[in-house]
Structures are given as C-alpha cells and as structure tokens.
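Every read-out reported here was derived from the displayed coordinates using simple, explicitly stated rules and does not represent laboratory data. In this text the structure is predicted, and so the values were computed from the model without any measurement. Every residue, glycine among them, receives a Cβ derived from its backbone with ideal geometry; neighbour counts consider all protein chains shown.
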4 protein chains.
Amino acid sequence: MTRLKLGMVGGGQGAFIGGVHRIAARIDGRFDLVAGAFASDAARAHASAAELGVAPDRSYADFREMAKAEAAREDGIDAVSIVTPNHLHGPIAEAFLAAGIHVICDKPMTATLEQANALIKAAEGSNASFFLTHNYTGYPMIRQARQMVANGDLGDIRIVQAQYLQDWLSEPADPDNKQATWRTDPAQAGGGAIGDIGTHAYNLAGFVTGLKTKVLSATLSSVVAGRSVDDDARVSLQYEGGATGHIWVSQVAIGNENNLTLAVYGAKASLYWEQENPNVLRFTKLGEAPQLITRGSGAAHPAAEAVTRIPAGHPEGYLEAFATLYHEAADAISGSAEAHSAVLGLKDGLEGVKFVDACQRSSTESSSWVTL
Amino acid sequence: MTRLKLGMVGGGQGAFIGGVHRIAARIDGRFDLVAGAFASDAARAHASAAELGVAPDRSYADFREMAKAEAAREDGIDAVSIVTPNHLHGPIAEAFLAAGIHVICDKPMTATLEQANALIKAAEGSNASFFLTHNYTGYPMIRQARQMVANGDLGDIRIVQAQYLQDWLSEPADPDNKQATWRTDPAQAGGGAIGDIGTHAYNLAGFVTGLKTKVLSATLSSVVAGRSVDDDARVSLQYEGGATGHIWVSQVAIGNENNLTLAVYGAKASLYWEQENPNVLRFTKLGEAPQLITRGSGAAHPAAEAVTRIPAGHPEGYLEAFATLYHEAADAISGSAEAHSAVLGLKDGLEGVKFVDACQRSSTESSSWVTL
Amino acid sequence: MTRLKLGMVGGGQGAFIGGVHRIAARIDGRFDLVAGAFASDAARAHASAAELGVAPDRSYADFREMAKAEAAREDGIDAVSIVTPNHLHGPIAEAFLAAGIHVICDKPMTATLEQANALIKAAEGSNASFFLTHNYTGYPMIRQARQMVANGDLGDIRIVQAQYLQDWLSEPADPDNKQATWRTDPAQAGGGAIGDIGTHAYNLAGFVTGLKTKVLSATLSSVVAGRSVDDDARVSLQYEGGATGHIWVSQVAIGNENNLTLAVYGAKASLYWEQENPNVLRFTKLGEAPQLITRGSGAAHPAAEAVTRIPAGHPEGYLEAFATLYHEAADAISGSAEAHSAVLGLKDGLEGVKFVDACQRSSTESSSWVTL
Amino acid sequence: MTRLKLGMVGGGQGAFIGGVHRIAARIDGRFDLVAGAFASDAARAHASAAELGVAPDRSYADFREMAKAEAAREDGIDAVSIVTPNHLHGPIAEAFLAAGIHVICDKPMTATLEQANALIKAAEGSNASFFLTHNYTGYPMIRQARQMVANGDLGDIRIVQAQYLQDWLSEPADPDNKQATWRTDPAQAGGGAIGDIGTHAYNLAGFVTGLKTKVLSATLSSVVAGRSVDDDARVSLQYEGGATGHIWVSQVAIGNENNLTLAVYGAKASLYWEQENPNVLRFTKLGEAPQLITRGSGAAHPAAEAVTRIPAGHPEGYLEAFATLYHEAADAISGSAEAHSAVLGLKDGLEGVKFVDACQRSSTESSSWVTL
C-alpha cells in the first residue's frame, strides 16, 4: 500500500475536529502528517506543529503560502486536510486544488452556495481530487444498509426518517467554548444545526437509499433565546419516485449526545440504525422477526466486510468509520484498482450546501416547498 | 370498594377491543359484566352473551332497547362500555346518557365533529358521566412523567415529540380482517391512522405536558396505493406559551408493532418513554447521567404509585394500564373521595375529534396552520 | 366457559402475593372469590373479607373449619388458593384435598421435604387436584421457548443458565417489613433466596428444556451479616444426557429488581429471555443474525399464541402470565378437552422442595455433588 | 510527545492480533513500526514486511537475530510487540529484555507457569520494561469503574461477576482456520477458553476492584466432543476481605460474539458494564434510579477522561481501548511524569498464568479450592 504525505489546515491547539482527522488519517497507516498551517496566528501555528511532530520548515501560518511551498517541494504533500471553521473551507480548497494538491475537506463543503459554486468552478482547472468527509458514511453497518437497499431487500422505499439529536447547545453558548461560539456564529458557520448536523442526516439518508430530492419544506427554529442561528430543524423531503423523507435535527434535545439514527421503510422490509451503537443494524421483513445484523458477522454483506477491521463483537467506533474515508481517499489518490463508489466529492458537497440553502429559503418563506 | 354492574355495546365474537375492555374491567374487581348488546346481529349478539356468561334476558341486539330496559331494572347496569366502530360511539353514548347510565367509551369519542357536538349537547341533560379510554394515560410511568412536568422538574417545556408507529397495514387490507376493514373505511372510522392512533399520541402529549394547542399543521398520506384513508401522518403543533409539538404516526412502518413513544424536552431536563417497555421512564437533567426510573421503585412518585399494583421488576402491561381507567371510573361513579384528576371525559373527547378534524382540514389545505 | 367458585387461605391485609393471586384469578373471568380464611387472626380475617366483598358467613379464621364448611355447602368453593407463608402450604393443602376441594398453591409447595412427602401421601386419597403456581411458566415467550426446544430448533442442549437477581434484601431486613421478615425466617420460609427465587429459576430451566437433573452442587451464602438464611446462591446441575445447568440467585444484587433471565445454548442455536422485558425472545442460530421473536407476532408458535390475550406490541406482563396458570387450572378442573401439558402439580412441587433440600445438603457438605 | 520506534514479532499475513496491535500503536501517533520478525518462515516474514512498509534490512525471520541486530543499531527499536501464539511469548520476551529492548506482549504472558517464572527471572537482569496488553483495561468506562470502586462509591465489595461469552468454537475447529487451530492446541495455547478469554475476565475483575484472590475453585469443560482444551469454564473466587468472585467464560455460547461483561455489587451500590456497548457504565445506588454514565460526558471521572479522545456520543471502541495501552506504554518508556497506575507488567502477567494453572489444577482435582 502506498503511503501518502499529508498536510493540514486548521486543527491547532484547542480545536476538536483536527485531532479526529489526524487519528483517522493514522489508523490504517496510509498517511504521514508532514506539514500544516494549524492556525492563522503564527505563534499558535508553530506551537501546534511542534507538538504534532511537524518540522518547523513545514509549519505555516498562511494556507496560501503553504499550498505554494508544498507544491514546489519535491517531497511535498500529496493531500491536505481542511479542518477550519466552515466559511474558510472554500478558499482553502481552491488554493490547494490550484496547486495540484488533493483536498480532504470536512463538511459542509462551504458556508455559502456562492462559495460552493466558486469552488466547483475553480476545481475544473485542477487535476487534483476533492474528498468530502461525511464520516458517518464510513460505518460498516451503513455500508451494509446501502447494499441491502440497492439489492432490493426492502422493496420500494416509502419513508426515510433521519434524526440527529444533541444537547450541547441547550443553553446560551459559553463565550469561552470555541466550538460553541463559531458554530453559533452565522458568519463562520453558514448555518446552525441545519448546517452542522442537518447536512450529515441529509447526506446519510441519500447515501443509504440513493434517493434524489425533488422538493423540500423546512422549519428552522432558534429554541434558545437570543441565538442567531437555528438550533432545531425539521425538514420534509419529497424524493423522486414518490418516497418521502423526514429529518429532525436538534442541538437542544437534552439527554442526547450524538444520537444520529436512520430508519428506512420499504414495501417489504425496513432498516434501523443508531450511530451511538453503530455495530448493529436492525432489519425486519414484514411479518417476520426483526434480525440484528452485526458488523463482522456471517450476516454482513461484502460492502460492510470491506470496511471492517476486526471481528464481530469487538466494537469499531467513530474513529474507524472516519478512518475508512481516509483509507478510501488514499486508494483513490493512489489509483488503486478498487473503485470506491462510496467516496464523496464536489457533487455531494454542492448538494449539501444546496440543502442548507434550500432549508433556509423554505423556512423564511413559511416552510414552502422549494427545490434544491 | 363498591362493585358496579357493567353493560357493553359491541365487542362480540371476532372483535378485539371488547375483550380488552372486559379484562380491564375485571382486573381490579370493580365491575361485573351483566348485560350487553354485543352485536347488531341478534344471533351473534346472543351467542356472544352466552359465551360471556351474560344472562339471556340481559342480552340485547339493539343498544337503544338495552338502554331503556337496563334503566328500567332495579338491578340495572351502572355503566356501559362502548366498543363499537367509531361512527356508532356518539349515538350509543347519547342513548345511555339519556337513560342515566354512565358511559365508558373507547376513543375517538366520535367519528365526526358533528357527532361530538351532538353528544356534548345531549350530555348536558344527563347526570350520568362520560369516561373516555385513552388507555395509555393509565401507565404508571406516564403518571410519573405528568407529575414531573407539573413539578417543574423539566423546566419550561420546549419540544414534545410523540410517535406511534405500527406496521399492520403495510399492505392493502385483507377483506377478511374485520379490524383492518373497518379501520380503513372512512365512513366507519372517521379517519385513518390519524384517528386510530394519532389521537392517542396527541392526547398523551397533552396529558403529560398540560400544554394547550394554538395551531397545527398536518400532512396526511396514504402510502399504500388504493387506500381511502391516511396510513401515515405528520403533525406539527404550536402550543400556547411557545413550545412546539411534533407527532408522527404510521401504520406502514415495518418492524413496529405498537411503538408509541413520547419525548419531552424542557429547558432543564428531558423525559423519554416507550409503550413497548412501559415500566421504565428515562429522565435526564442537562449535564447529568440519564436515570432510569422504574415503576414501583423508590424513585417513583406518588402519582405513579397510586396506579401501581405489583412491585418493581414484575412488569405491568397494557391491560393493567387500561384497568386503571376502569378503576378510576369506578371511583368517580362511586363518588370516592379520591379526586381523579387523570380521568378523561367529554372535553377531552371533543378535543380529540377536533384534532382529527383540524389535521384533515390542514392536510387538504397544503398543510396550512389551522386552529382546532 | 365454566365459571368456578374460589376460596383463599392467606392474603389478608398487608400481604403481597394474595392480591396477585386474586387479580390473576379475575383476569380471564374464570373464578369468583366467594370464601376465605384471609388471616389466622379473626378480626383481621373478617376485615379483609369485608374489603374483598366476601360474605361474612364465608369468612373464616381457621382453614380447617373453612375446608369442612365449604365442602358441606351445596354452593361450596371448587378450589382454594393458598397464599400463606411457605411452612403452612402443606397442612392447608392437605386439609382441602381431604375435603375434595382443588388446591392452587403458591410455590414452594412446602417448606420442608417432610411436609412435601406428607402432602403427596395425603393427596393419594383425594380426587381433587393440586396446582402449583410457578407463575413465570405462564409467559407466552416461555411457552414459545419450550416449544422451540421440544421441536429441536436448538439441537442438543448443552448449557442452561438461569439467573434471578433482586436487591430488596441488600440490607438487614426491616423488622416492620412483613415480606422481608417471614422470608428471612428459616422456620417460616424453609430457606432463603434458594427457596424464594431459586425454585423459580430451577423450575423454569426444567420447564423450558425438559431436562432431568442427575446431580447438583450448591453454595448458599448469607452475604448480609447476621442473616439466618441464604441471600445469594450458586448451583451447578448435571442433567441426564450430558447438558449442564447453572443457577445464580441473589437478593443482594443492587440494581436488580426481578431480573430473572434464562439462556439455553444448544448445538445449533440459542435462546435468551428476560422476565423484565418478557414479550421478546432472542433466538440465534449459529452463524446467523439474532432474531427477536415477539409475543403475538407472526413468528410466535401456537404454544405461545394459546396463552396470548392481546396483539403484538401491547405488552402483557406478570399478572397475565400468572392469570394463565389460573386459566389452565380452571380448564383442568372443568375437564376441558384441551390437555394442558404445562400445568404443574405435586410432582413438580416435590421436585422443587427436593431441589432446595439438595442445595442445602450440598452447601453444608462443601458443595459436594448430591442427588435430589 | 516522544515518538518511539517499534518492532514486532509475529503478526504476519493471516494473523489477527498483529494487525490489531499495529493499529493500536498508530492511533495516538506514538510509535512507528520499523522492524519485524513477522513469521518464522523467511519468505512469509519478508513478504509481510514489504506489505507493512518495513525496510528489507529490518525484516527478520528469527527473533533472536532481530533482538541482537536491533540492539546493535543506533536507530534500533525502542520496543517490540509480541503477537505470536502463547507458547512463544516467554522466550521472545526474554530475548528482547536481555537486549535492553522494551517488550509489549499480548496476553497471557506465557503458556506455562514454568515459562512465566523463567521470564521473571530473566527480566531481573534487564533495565527494559515489560508491558502486558489486557486491552479491555483501556476502555474509559473501565477506568471510570475502577475509580468509583477506589473512591468507595460502591461501599464494601460483596460480589464480582465477570463473564466472557463467545460462540466461534461452537463446532469442531475447521483445520483451515489458523486462529481456531492454534487456540485449541494445548501445546501452543497452554489452555483453552480459560487462557484465551478467562484471563481477560479474571484480570478485568481484579483491575476494577483491586481485590486479591485467596483461593479459587474451577470447572473446565470441553463441550464440543473431541476437543483437547476447555471451551467452557466456571471459576469461583474467594477474595481477601470476604468478597466472592464468579467467572464464566465460554466459546460455545451461540449468539455471543465477544460478550464480556462485568458486574460489581457493593454494600451501597453496583456497577455494570458490557464490552460490546462499552461507552456506557450503569451505576445504581441502593434504592435509587440506575444511572447511565457515558464516556466523555459530565458524569465521567478524570480517570476516564484521561483516556478519552472524542466527545460523548461518538463511540470509541476496541481499537481505541487497545491504543490506550500503547499510549501509556509510550509514556512510561519516555519517562513521562504522568505515572500510569493502570499499566500492567510482569506481576500481572504472572498472576494471569498462575490463574490458568490454578484453574487447571482445581478442575482436575474435582473443583477443589486451591491457591494461585
């Protein structure tokens, strides 16, 4: 297996998702982190680099400089991970794609539709690839679910119910909590719950079912007084072909940590999955006893087995699912023969940004039905 | 404890809910079933009476005759249970109330709003009482939840999510299944899923939280082709005071039997309950570990203890919850000193019928917001 | 269906299990409680009778007098329920059997082996029947499990694991708690946890698997200092045919209410059941996904359906399971054509008493292997 | 953080646990795998090295040669992971300790007590350290449990119940399954289920409770006909201070994958944990509602937080728990100021081997009580 050289923008001291990406990149041993612009403040950037074992000459405070310098080095990075607040994703991705460096970008792809379109246009001139990390798509039982829907095990899909409930924003954000402050600032986040977790739920529903959205109707709410972004959102979807989708995301649902669930109801059978207990997929055929399909077991399909590292009963978690996206990106970058139909890119990123935009439009227009 | 004499209308051979009411009436030994018009067909009515140990002279084929005859007997019934298809509830209740006989009626109170108003008007002239059996309100952990909300344990209520999912109508109804045929016939049922189970979910949300509905928006769907009533419904509620409610009921959600759940999110804490595992109530204060409050345990409140028959860990189920409603009706009829604030009557019945009516109006008007 | 006249010995004010038997007798409407010796203290006995609606002339303070008087009445009771402390079961049962009155007796059958043998001898001269209420055998999913083992669905049974964990005796018994005091008094109870709940676990294992015990080894412990009976017990069983059984019962296992579980492992498949969530049976074939078989569903066997009252998803509980034993006793007494292979009698009662005796012998002999 | 150079013995193509150790070593970025004797067959060894990106000059077929060569290199490995079948652990560990190279060794430490004693003696002359990977000790909720017991939250410990159930050996081992064949060969494994998983259960019970074993009684069985090692084992422990322990491990319990559970009952409260759902710890105080303490939540203790990588609700799994052991070994090797009281070494390894030996002795002597 080829081992790739990785850079990172964002993810310095005090950040959350940067650390996750670094572990995800390491788990399958396909990437070495060798460069980074870990913060826009130079002192913090270099301190982070030192902590992370990145050589001083490859620690940058400016992502544009980093893209240029790394592209110029013979031993320059193959790919860069973008783990900044959302409003910076677009410009950074453009800079690296322009430099011919592959981009692995956290979701949502951009904070605004304008940025998304600009990025897609910019990407046309690059032969580097863009990978979007909707990490929940990496769970083996999600791959199992996707395979089962594709195989027709559920019959025609009728109803899709995706929920993502959290409670960490149940009170006004503590100004000292960096995560909470940027995620509740419209300028940096581009949206509240709908962008932060709604995009995950929407993406997951589409990833598993393959259904295409015709129109949607959304109601975005700010439950906590004084909050300037939505913290609770309800979206109804009409899919092409007649199925309906329903998304509920909340960041004020006390007692929920990262309670992402997906239920898919077909004419013949249903599937149910919970992110907090991700190694099990419940499958029920009409009139039969529900079955508990577990990761790594004899009941798992090849699509699940392909992203399974350890035997049944030894739980894999969030980091392994995330690592699968890095693994598949490495395969794609290396030109591995294995086609990864599960890899998400610019098209998926654009759809996510359009989804947020459509939800915001619908919500401000009395929850009217709108197209993406 | 006074022991009361009970009659029944409906519930003959082949019926379902009649048998449930009879067991519920027996469990606490407060009623003896001594009369009935178990079917409109005389032969079937009398055969049922014989099976049920009801004396031939108190077996009727006509409910009006029964009301008259029983009112005339010195040992006539104290109360009658109405367990017919919905469209007959109103006329039957009127007849017995007019005869001065207490009525215990299955939900919804009537099939139409007209019937409901007629019944309420008719009831004004009677000194007999009307009891509505929204049986899920009888579960001890529902009483616990109600008490906790009233005590302020959750803080201000923000979001109420009630779901009632079934799968028994996932395919076109078998014409030989009596339950399925009348429940999917608009003339007899007055509605589909929204009337059959939506009223339960709506009632339960209000029962636990005490919230009053300002407006609602509903989308009723017929997922199974050719069905003339709704089999899947989504309702959003705006409550007085600012909380929102959300109801999803479905009869085509494969893998769900009677999966009624209620989640109540407040500013300080939340509650979660599942009808299929009803002896547990999950309570989570913001920032603390979720607690599993069980029926009969030291953590249960007096309101729950009052309707608990056996110690913790020995599950009580659906029939005991139902029996609690009969028990409380017996107390009320007997003029027991214990006031039963939990008893539901005409006002609650009217609200349920208005709820169905409002949902149907909203749904036909593009899910617009309507008042009850 | 014949309706039978029932008497009761024990179960007066302040008792627990008497109330359970009364509800169980009522649920299916097969018995009317018309007589009783509810306490040995006359005042308490008559006060209880009055509360329970039993006529004064059929309220007794002495069970022998009651047996005689009821046998002499033309409208005398058909059967008597015995719900006293264990050490009285034997003498009372003898008195009623001698009077030709059927006996429905709580477990264990007697407090000592001597009493058990005396009862069996006494019963030989009676044409009345003896019914033992190991109530957990009445759960539909236990009937399902029994049927599946009998059908060979599990292959040869290898290992049976039965556990019954409680925590209500985690501290020294409160002298004011009547339940706790008699159950921890060797003279009245005949044993501690091993008799109170161990017999249930042992009976259930045998009921489901049909296995016969060859030898057993037991360790009975008194975890709480100063307790004169066992409150925690471990028993190993060697069954005829080579399977092994393992029983753990405890009354000091904090966090357990009535956590009775049964696991049966065969060469081809396994079963797992929990009393606190009794409407589900987990069935797993080697190499396949576990299945959740639910009461009332299409996956349930006729043996389970026969004791099911209401549809799937509406939980039946402890009282319904108990009621099934009363129902089946009524059928047997009435000479119903339906043979009830599940009915337990003197032979089962004797085995339970021998089980306790053998455990006590083994435990005092360094847990040596002993026969029953 | 210092980054260490790691070698590995065993873990070539077709092995299972070697891959796990490699991921565990990578997750926190504290080790680089730079050398290995991945197999005793030279061709397989070098092929594995190539696959794993280990330079040809650091790929060895003989572990003694590897120890010598690596010790001689200036850039030689800091530590070696031993992931061979059990009977080779001892000799390999001796060779590397003699060469001054730290050892990270899979459990059990050795296949026999003789090997264990020899290793301990050999270790005396080395200043390198020995780390034993009882990986389940790395789960955050296990650290939480340990801290809670130490804090006295449970009161005096009374009963410890540890179970580890699997089903992968429910049938005679497939001769083509390398895992199954060496693990059921007494010469290579040194024991069956008792060594393979019994040592984990025993270690975990001691790790969490801190209790020391006085005597034990064991029954080892071979349920599958023709198997030459035990596949099901029951062990009772008497701990110093009066608590009892109970271990059940099985490899023929159909429907269990890696169902390791630990229950600890104290005089005041209890804890319950399941490896297959490891992010939750159930804690129940006598008379109060059970609490679900989750990893990463506000209810987690510092000992749990210290080994937590990501926020609550995003599950960490088996690989992260394993990685924690590597992380803590790296800290210890680097002389990090943080004392790691959780690190396991030779003493723990010896106790595990003594445990297996004592179980085997007890079992062959009619389950008599023996000391370790």
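Placing R0 at 35 angstrom, the Cβ-Cβ distance between residue A:74 and residue A:151 gives a FRET efficiency of 0.15 after rounding to 0.05.
What separates the residue D:114 label point from its copies, with the point 7 Å along Cα to Cβ, is 5.8, 8.1, 9.8 nm, written shortest first. For chain B, a Gaussian network of Cα nodes joined below 10 Å ranks B:142, B:92, B:293 by mean-square fluctuation, and the top entry is B:293. Checking the Cα-Cα distances for D:107/D:354; A:107/A:347; B:68/B:178; C:107/C:354 against a 18 Å cut-off, the pairs over it are B:68/B:178.
Per the rotation superposing chains C and B, the chain C residue found at the smallest beta carbon distance from the axis is C:317, 2, distance in Å. Computed about its Cα centre, the charge dipole of chain A is approximately 660 debye, with only Lys, Arg, Asp and Glu carrying charge at their Cβ. Couplings for region B:203-218, taken from phi via the Karplus curve 6.51 cos²θ - 1.76 cosθ + 1.60 with θ = phi - 60°, read 4, 5, 4, x, 4, 6, 9, x, 6, 9, 7, 8, 9, 9, 10, 10 Hz in order; Gly and Pro are left as x. Radius of gyration (Cα atoms) of the protein assembly as shown, expressed as a multiple of 2.2 N^0.38 Å: 0.97. For region D:242-292, what D do you get in µm² per second when you plug the Kirkwood radius from alpha-carbon pairs into Stokes-Einstein at 37 °C and 0.692 mPa s? Estimated via Stokes-Einstein, D reaches 260 µm²/s. Across all directions, the average projected area of the convex hull around the alpha carbons of region A:133-275 is 8.6 nm². Here's the picture: a label point sits 7 Å out from the Cα of residue D:214 along the beta-carbon direction, and within region D:334-372 the residues with their amide nitrogen under 14 Å of it are D:369-372. How many angstrom separate the Cα center of region B:199-231 from the Cα center of region A:12-51? For region B:199-231 versus region A:12-51, the Cα centre distance is 50 Å. The value of relative contact order for region C:4-135, using C-alpha pairs under 8 Å at least six residues apart, is 22 percent.
Converting phi to 3J(HN,Hα) with the Karplus coefficients 6.51, -1.76 and 1.60 and the offset θ = phi - 60°, region D:108-119 yields x, 3, 9, 7, 9, 5, 4, 4, 5, 5, 4, 5 Hz in sequence order, with x at every glycine or proline.
How large is the translational diffusion coefficient of region B:4-128 in µm² per second when you combine the Kirkwood radius over alpha carbon pairs with Stokes-Einstein at 37 °C and 0.692 mPa s? Estimated diffusion coefficient is 232 µm²/s.
Checking every one of the GluC sites (Glu not before Pro) in region A:265-372 against DSSP loop status and a limit of 15 other Cβ atoms within 10 Å picks out A:338, A:365.
So, with +1 on the Cβ of K and R and -1 on the Cβ of D and E, and no other charges, what is the size of the charge dipole of the protein assembly as shown about its Cα centre, to the nearest 20 debye? Here the size comes out at about 0 debye.
Rounded to the nearest 10 degrees, the inclination of helix B:63-72 to the longest alpha-carbon principal axis of chain B is 70 degrees.
Dividing the convex hull volume of the alpha-carbon atoms in chain D by its residue count gives 139 Å³ per residue.
Put the Cα centre of region A:70-97 next to the Cα centre of region C:324-372 and the gap is 75 Å.
For residue B:71, the label point sits 7 Å beyond Cα toward Cβ; its separations from the matching points on the remaining copies run 5.3, 9.3, 10.6 nm, from shortest to longest. Kirkwood's formula applied to the C-alpha pairs of region D:225-322 gives a hydrodynamic radius of 16.1 angstrom.
In plain terms, if you count all Cα to Cα distances in region A:98-158 and split them into 10 Å steps from zero, the share in each step is 19, 32, 24, 23, 2 percent. From Cα pairs below 8 angstrom and at least 6 apart in sequence, can you work out the relative contact order of chain B, rounded to a whole percent? Once normalised by length, the contact order is 19 percent. For chain A, adding -39500 (n - 2.57) for each run of n ≥ 4 DSSP H residues and dividing by the number of residues yields -10000 deg cm²/dmol at 222 nm. On full extension, the segment bounded by residue A:354 and residue A:57 gains 103.0 nm, given 0.36 nm per residue less the C-alpha separation.
Given R0 = 60 Å, the distance between the Cβ atoms of residue C:368 and residue B:13 translates into a calculated FRET efficiency of 0.50. Would you mind ranking C:38, B:322 so that the residue whose beta carbon has the fewest other beta carbons within 10 Å leads the list? Going from sparsest to densest Cβ surroundings: B:322, C:38. Beta bridges assigned by DSSP with both partners in chain A are antiparallel in approximately 60 percent of cases.
Rounded to the nearest 0.05, the FRET efficiency derived from the C-beta distance between residue A:42 and residue A:122 at R0 = 35 Å is 0.85. A point 7 Å from Cα along Cα→Cβ stands in for residue A:181, and the other copies hold the same point at 6.3, 6.6, 6.9 nm, listed in rising order.
Electrostatic bookkeeping for residue A:346 treats Lys and Arg as +1 and Asp and Glu as -1; over the other residues with beta carbon under 11 Å from its beta carbon, the sum is -1. Here the label points at residue C:50 and residue B:240, each 7 Å from Cα along the C-beta direction, are separated by 4.7 nm in the simple model. Label sites at residue D:343 and residue B:277, each approximated as a point 7 angstrom past Cα along Cα to Cβ, lie 4.1 nm apart. What angle, in degrees between 0 and 90 and rounded to the nearest 10, separates the Cα long axis of helix A:318-333 from the longest principal axis of the Cα atoms of chain A? Roughly 70 degrees, rounded to the nearest 10. Based on the Kirkwood approach, the hydrodynamic radius assigned to region A:13-74 is 12.1 Å, with every pair of different Cα atoms included.
Pairing the Cα long axis of helix B:42-51 with the longest principal axis of chain B, what angle in degrees results, from 0 to 90 and rounded to the nearest 10? Once rounded, one gets 80 degrees. Springs join every pair of Cα atoms under 10 Å in this Gaussian network model of chain B, and among B:138, B:125, B:36 the largest mean-square fluctuation is at B:125.
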